[in-house]
1. Among the residues of the range 208-242, which ones are out of contact with any Lys or Arg (no Cβ under 8 Å at 6 or more places or on another chain), part of a helix (DSSP H, G or I) and farther than 14 Å from Ile306 by Cβ?
2. Scan the range 363-389 residue by residue and report those that are among the charged types (D, E, K, R), open to solvent by 70 Å² or more (accessible area, probe 1.4 Å) and either in contact with a His (Cβ under 9 Å, 6 or more places away or on another chain) or touching a residue at least 12 places away in the same chain (Cβ under 8 Å) (or both).
3. Out of all the residues in the range 105-119, which are surrounded by fewer than 20 Cβ atoms within 10 Å (Cβ to Cβ) and of a type in the set (A, V, I, L, M)?
4. Could you look through the range 434-458, keep only residues that are among the basic types (Lys, Arg) and farther than 30 Å from Leu100 by Cβ, and pick out the one that is surrounded by the fewest Cβ atoms within 10 Å (Cβ to Cβ)?
5. If I ask for residues that are over 15 Å from the mean Cα position of the chain (by Cα), surrounded by fewer than 24 Cβ atoms within 10 Å (Cβ to Cβ) and farther than 26 Å from Ala368 by Cα, which ones from the range 63-95 would you list?
6. Looking only at residues in the range 265-313 that are among the charged types (D, E, K, R) and open to solvent by less than 60 Å² (accessible area, probe 1.4 Å), which one is nearest to Val360 (Cα to Cα)?
Amino acid sequence: MNKYIIILFVLINYSCASKKTVVEKKPNIIVIFTDDMGYADLGIQGQVADVKTPNIDILAKTGVRMTSGYVTAPQCVPSRSGLLTGRYQEKFGTDHNGTLPLPLNEITIAQRLKEAGYATGMAGKWHLEPLHVQEKWMQKEMPEINNKEDYKPSDIPFEKKLPYMSNRRGFDQTFEGYINRYWTTYTLDGKNKEEGWITQEGYRLDIQTDAALSFIKKNKDNPFFYYLSYFAPHVPLEAPEKYLSRFPGNMAKRRQYALAMISAVDDGVGKLKSTLRNLGLEENTIIFFISDNGAPLKIDMKDLPISFPNGAWDGSLNTPLNGEKGMLSEGGIRVPFIVNWPAGLPKGKVYDEPVISLDVAATCVQLAGLKPIKELDGVNLIPYLNNDIKGSPHEALYWRFWQQTAIREGDFKYLKQKDREFLFNLKADISETTNLIAQYPEKVKQMKVKLNKWEKTLYYKNLEPSGEGQEVEWYNHYFPLKN
């Protein structure tokens, strides 16, 4: 009997030591960022019955699901800028799609992790190069065409965009693109190539998955960081029959396409996990799964023809949140948010303290063995998720977008749109239906002081009006004025 006890003791200690050894190695890091995917559109969220995401659900069941996970903006350029720098993007002027591209002096996660010996790569949507709608940048960098009434994409020569491309911002191995045209430094079979454009046949989401798999296989012997930026379920909606056939029955066509595209992403997550497992990398690879903002509902979710080019509902849903993409209500900024790391995090944990996409960079920096960086606005989430540190990771979270500002502090959120003010207790009222502004005047005053102090740290002290008519329409609909 004593012999068996000794053997059992040795095995337990060996197992613990092995796990400790794995955790002490620099983990591989994968950040999956979807595009215009609403809070409801994972099966694990338990909000709608039609979505099928078994592989992403397993990420949550074997990892940590954040029920109060946020992004820094309800629009893609600023949201991506905040994620990849770990800084509030308003501090460097990328407040919305029409302000500035990601400035060249801002440092990305990839640039930081390269210093720690990581191989770095990305696939899919980038959208951080100069855009023709960024009038301030156009006026400064393209003075020769300042007399034009309207700018168009072709006004920006590619050599002006090149310094902003992903492979010039810390990502050495890139497969950057949206549908079938990609700016790449490697091929899907893993061969290096000179930077340049290629045409890649196939379905856009399968291509982006294949690019990630190719990178992982190629870099399996060294720690790596990969940013998988799926162009889904953002319009234009498209999906092959392989995915559409999974969602038969009577439903809005746009909803069917969104579900099919989300299912393609889910298949991609399953392939990633399977590849990591086969290579012996699954245990020590941390995966973040986040959406860049909430779903664009276009208020009435019209089931316009799939061929409708832009400005339409993408078929995704924000249930039970109020509002949509473009708003600082919960429907615009609270998103699916999962962290999975078998060797380093608990399994099946649901975490309700507010966290934000800024935390990705701060977490990655410390996992890579780098010293904490003061200018980062996020925090390392790992000790909080492991319950090594009690309490909330953030005293407060802040937002500014168009003519909207917001602050979340604990359970309370103060929201301002131009002259309209709201206070919600999100613990009791996740759908933001009951405005408590009159009941807590001191709370509101204190939160406004903090918000104003934060705004003084921003690049633009006063943001020029943008999308004003759209904002009024949204707020009148989602927060109707009481008679």
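The values are calculated or read from the model by the stated rules, or taken from the named source; none is laboratory data. Given the structure is predicted, the values throughout are model-derived calculations rather than measurements. No Cβ is skipped: glycine too gets one built from the backbone with ideal geometry, and neighbour counts run over all protein chains shown. Note: accessible area is taken over every heavy atom of the protein model, side chains too, but ligands, DNA and RNA are not part of it. Shrake-Rupley method; radii C 1.70, N 1.55, O 1.52, S 1.80 Å.
1. Gln208, Asp210, Ala211, Ala212, Ser214, Phe215, Ile216, Lys217, Lys218, Lys242
2. Glu375
3. Ile107, Ala116
4. Lys445
5. Matches in the range 63-95: Gly93 only.
6. Only one residue fits best here, namely Asp292.
Rundown of residues vs (1) open to solvent by 10 Å² or more (accessible area, probe 1.4 Å); (2) touching a helix residue (DSSP H, G or I) at 6+ places or on another chain (Cβ under 8 Å); (3) within 20 Å of Pro27 (Cβ to Cβ), yes/no style:
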residue: Tyr227; (1), (2), (3): no, yes, yes
residue: Pro233; (1), (2), (3): no, yes, no
residue: Leu244; (1), (2), (3): yes, yes, no
residue: Gly249; (1), (2), (3): yes, no, no
residue: Arg254; (1), (2), (3): no, no, no
residue: Ala260; (1), (2), (3): no, yes, no
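The rows are residues; the columns are (1) within 30 Å of Gly369 (Cβ to Cβ); (2) open to solvent by 70 Å² or more (accessible area, probe 1.4 Å); (3) modelled with pLDDT of 50 or more.
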| site | (1), (2), (3) |
| --- | --- |
| Cys16 | yes, yes, no |
| Glu24 | yes, yes, yes |
| Ile29 | yes, no, yes |
| Ile32 | yes, no, yes |
| Tyr39 | no, no, yes |
| Gln47 | no, yes, yes |
